[in-house]
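The values are calculated or read from the model by the stated rules, or taken from the named source; none is laboratory data. As the structure is a computational prediction, the values presented were derived from the model and not from experiment. A quick note on method: Cβ atoms are made from the backbone with ideal geometry, for glycine too, and the neighbour counts reach across all protein chains shown. Just so you know, the surface numbers come from the protein's heavy atoms only, side chains and all, with ligands and any DNA or RNA stripped out. Shrake-Rupley method; radii C 1.70, N 1.55, O 1.52, S 1.80 Å.
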Amino acid sequence: MRGSDYLAITELPGSLLTNEQFSRFAHRYAVAAGLVSGARVLEVACGAGVGLGYLAGRMAETAPAQVVGMDLTVGLLQEARARLPAAVALAGGDAHHLPFAPNSFDLALCFEAIYYLADAGAFLAEGRRVLAPGGTLVLCLTNPDWPDFVPGLLTTRYPSVPELACSLEHAGFRHVRLYGALPVTAASRLQRMRHRLRRIVLKSRPALRLASRLGPWLRPWAARLMGLGDGVARPLPPALDAITVAQAIIGEGMTPLALDRPDRAHRVLYALATR
């Protein structure tokens, strides 16, 4: 992760998202919003900060908000700062070495980022360190065991349910819960073609390098290609709001999972680990 620039592969305001992608994005922050009451919140790998203002607003309804976003990529932090209220603090830093004192937060979030890390275990230990006793770490990630899984650009390793549970327990979390979201459904012919094309690109090193280099220019065309199978919903807004989140997550529940076996029924995994 160190030295990498994730600007080209991050969901930015204006990015075209399919219905599924938009629902996934909003659902993460709906889950977090249910845990933020009176909490000090950190989002690791916050990207352009699209969800941070929403969380700060939800917290301000009950208590003064303390929300911090951290990311490795300077360009993403600049995008976030241009849109977020001043009350939301932003910091640059590496997830392997969080630049915060012990016991600084009550809730730590890391959404769709753990599989970019060179050492996920180091991050989990750091996440526990910066949490106060009783604090919770929330992870959201793509499930590597669903049938049409395809790894993304710049990724290292996607942990399965048992691997993730074991890593969290090894990091010292005392209460670990895993959930599945977005149940797997039968893919359309166009969706299967898209998955095959993505696998070909990601297994070819020259194609992978080219796609990474041309990421900012290819993004709009990639979104249109995905829309052929899934239907492009809308551009990602500069900030989430309560109405947008409520509309996007209708029907998106979370199913408790056994910690000792892989899950093949859901596309997305959530982990909630309490210090």
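How would 175, 96 rank on accessible area, largest to smallest, probe 1.4 Å?
Descending accessible area places them as 175, 96.
Translational D (Stokes-Einstein, µm²/s) of segment 56-188 at 37 °C and 0.692 mPa s when Rh comes from the Kirkwood sum over C-alpha pairs?
Taking Rh from Cα pairs, D becomes 198 µm²/s.
I need the P(r) histogram for segment 1-133: all alpha carbon pairs, bin width 10 Å from 0 out to the longest distance, whole percents.
Taking every Cα pair in segment 1-133, the percentages come to 12, 44, 37, 6.
Rounded to the nearest 10 Å², what accessible area does residue 114 have for a 1.4 Å probe in the complete protein model?
10 Å²
Work out the charge dipole of segment 1-87 with +1 on the Cβ of Lys and Arg and -1 on the Cβ of Asp and Glu about the Cα centre, then indicate which of 18, 56, 44 is farthest towards its positive end.
It is 56, whose Cα lies furthest towards the positive end.
Rolling a 1.4 angstrom probe over the protein chains, ignoring ligands and nucleic acids, what is the accessible area of residue 167 in square angstrom, nearest 10?
Per-residue accessible area (residue 167): approximately 50 Å².
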